[in-house]
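The structure appears below as structure tokens.
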Amino acid sequence: MGLLFGACFGGLLGAANLHEYDTIHAMLRLDEFDVYGLMASAIVVAAGLLWWLERRPTSTVFDGTLTLQRSRPKRHHIVGGGLFGIGWAIAGTCPAPALVMVSSGALYGLIVILGIFIGIYLGDRNNISSSFGDGEHHSSSEEFISL
Amino acid sequence: MFDLLPERLAWFIVGPSLGLLIVTFFLVLNQPLGASGAYVHSLKLIQRKTDVAVWRIWYFFGIFLGGILTTQIFRDSGKIRSGYASMIEVIEGGPTILIVFVGAVVMGYGAKVAGGCTSGHGMCGTSQRSVASMVATGTFMTTAILTTLVIRILSGGDL
């Protein structure tokens, strides 16, 4: 299941050239607005459907009733987000597109992947955010599911 | 290999498709489809920790596989290269490796501290109408654009 969804996700990123340094750099230089349109349209579609699904009791296939997670902003969201943005701008790629970089033959992607692992390791050691936020894993019963 | 895809698929096709993928995944596993979680759980596996969500490891390799499908098989765009040609043109290969590495470490650290990245907070979190994710997304968008402006000034407009 993870492999299938990953392939769809990575495939779409690759199709839109989001793995190219030039695409992300042009976006952040405000030279080109395609990626903003891409992200905004993804959010509008997902937010609309999730809002609609949340209003009725919706069962998920493997993990009971659909529950969305919403937290209040804390300091670590701003500190972490701020640092993430700086790193994103310097490396010109983010975690998922870095993997697609390597699949497309761009070998410096390997350096990015190694760097991200080291960064996560350091962040984990300092243990600034104890739980992973709404962008990441829910702590629910499925944690150990191996699909 | 085959020439099935255009050179770059339009944003108004890819964006809504990603939105649908995120919703479908909520309907299957009730989880946000964030990419930094794939790194976090892969690292846990390497560290032999027990609280590993195994599907996130598969997800990690899935992204790689999907990239191969669209850049190598459906389209012939993937050649062995650095991926940072325009940066190397300005500051050469050695410094580029160092800068890209430092950027990646800062990015990984920030993603771990914030609890998500562009896909996690940026797309899945905001779609759940999480204020924390909206704040994180607004912050990283702002610092990324400002950092790019600084890079542009430092490189004399070359980058």
Semi-axes of the equivalent ellipsoid for chain B, please: Cα gyration tensor eigenvalues, times 5, square-rooted, ordered largest first, whole Å. 27, 23, 19
At each listed q (0.08 Å⁻¹), what is the log10 of I(q)/I(0) that the Debye formula gives for the protein assembly as shown modelled as equal alpha-carbon point scatterers? -0.30
Can you run phi through the Karplus equation (6.51, -1.76, 1.60; θ = phi - 60°) for the range B:89-104 and list ³J(HN,Hα) in whole Hz, with x for Gly and Pro? 4, 8, 10, 6, x, x, x, 4, 4, 5, 5, 5, 5, 4, x, 5
Using only the alpha-carbon atoms, what does chain A span along each of its principal axes? Please give whole angstrom values in decreasing order. 44, 36, 30
Output row A,B: buried area (accessible, probe 1.4 Å, summed both chains) in Å², nearest hundred, equals 10800 Å²
What 222 nm value per residue comes from the helices of the protein assembly as shown, counting each DSSP H run with n ≥ 4 as -39,500 (n - 2.57) and dividing by all residues, nearest 500 deg cm²/dmol? -20000 deg cm²/dmol
Can you list the HN-Hα couplings for the range B:107-112, worked out from phi with the Karplus curve (6.51, -1.76, 1.60; θ = phi - 60°), rounded to whole Hz and with x for Gly and Pro? 5, x, 4, x, 5, 5
Can you list the residues, at least 5 places off or on another chain, whose amide H is less than 5 Å from the amide H of A:A106, using H built in the peptide plane? B:R81
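Can you give the mean number of other chain Cβ atoms that lie within 10 Å of the Cβ atoms in peptide A:32-39?
If you average over the peptide's residues, the count of other-chain Cβ atoms is 5.
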Ignoring trypsin sites (Lys or Arg not before Pro) buried by more than 12 other Cβ within 10 Å or outside DSSP loops, the longest site-free run in chain B is B:80-159
Solvent-accessible area per residue, Å², over the protein assembly as shown with all protein chains present [probe radius 1.4 Å]: 41 Å²
Can you pull out the GluC sites (Glu not before Pro) in the range B:1-100 whose DSSP state is coil and whose Cβ has at most 10 other Cβ atoms within 10 Å? B:E7, B:E92
Among A:G109, A:G80, A:G48, which one moves the most in a GNM of chain A with springs linking Cα atoms closer than 10 Å? A:G48
Compactness check, the range A:41-105: C-alpha Rg relative to the 2.2 N^0.38 Å globular estimate gives 1.58
Residue by residue through the range A:58-66, which ³J(HN,Hα) values in whole Hz follow from phi under the Karplus form 6.51 cos²θ - 1.76 cosθ + 1.60 (θ = phi - 60°), with glycine and proline marked x? 10, 8, 8, 5, 10, 9, x, 6, 4
For the range A:16-121, which GluC sites (Glu not before Pro) are in a loop by DSSP, counting at most 16 other Cβ atoms within 10 Å? A:E32
Inter-centroid distance (Cα atoms) of the range B:1-45 relative to the range A:42-84, Å: 15 Å
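Report the relative contact order of chain B, percent, no decimals, based on alpha-carbon pairs under 8 angstrom and at least 6 residues apart.
This gives 28 percent for chain B.
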Of A:R29, A:R75, A:R55, which is the most mobile in a GNM of chain A whose springs link Cα atoms less than 10 angstrom apart? A:R55
Roughly how many debye, to the nearest 20, is the charge dipole of the protein assembly as shown about its Cα centre, given +1 on each Lys and Arg Cβ, -1 on each Asp and Glu Cβ, and no other charges? 800 debye
Nearby lysines by direct alpha-carbon distance to B:K49 (threshold 29 angstrom, same-chain neighbours under 8 apart not counted): A:K74, B:K112
Peptide A:56-66 - average C-beta neighbours from other chains (10 Å radius): 3
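The values are calculated or read from the model by the stated rules, or taken from the named source; none is laboratory data. In this text, all values refer to a predicted model and were calculated from it rather than measured experimentally. Counting neighbours? That spans all protein chains shown, and the Cβs are built from the backbone with ideal geometry, glycine included. The area values use the complete protein model at the heavy-atom level, side chains included, leaving out ligands, DNA and RNA. Shrake-Rupley method; radii C 1.70, N 1.55, O 1.52, S 1.80 Å.
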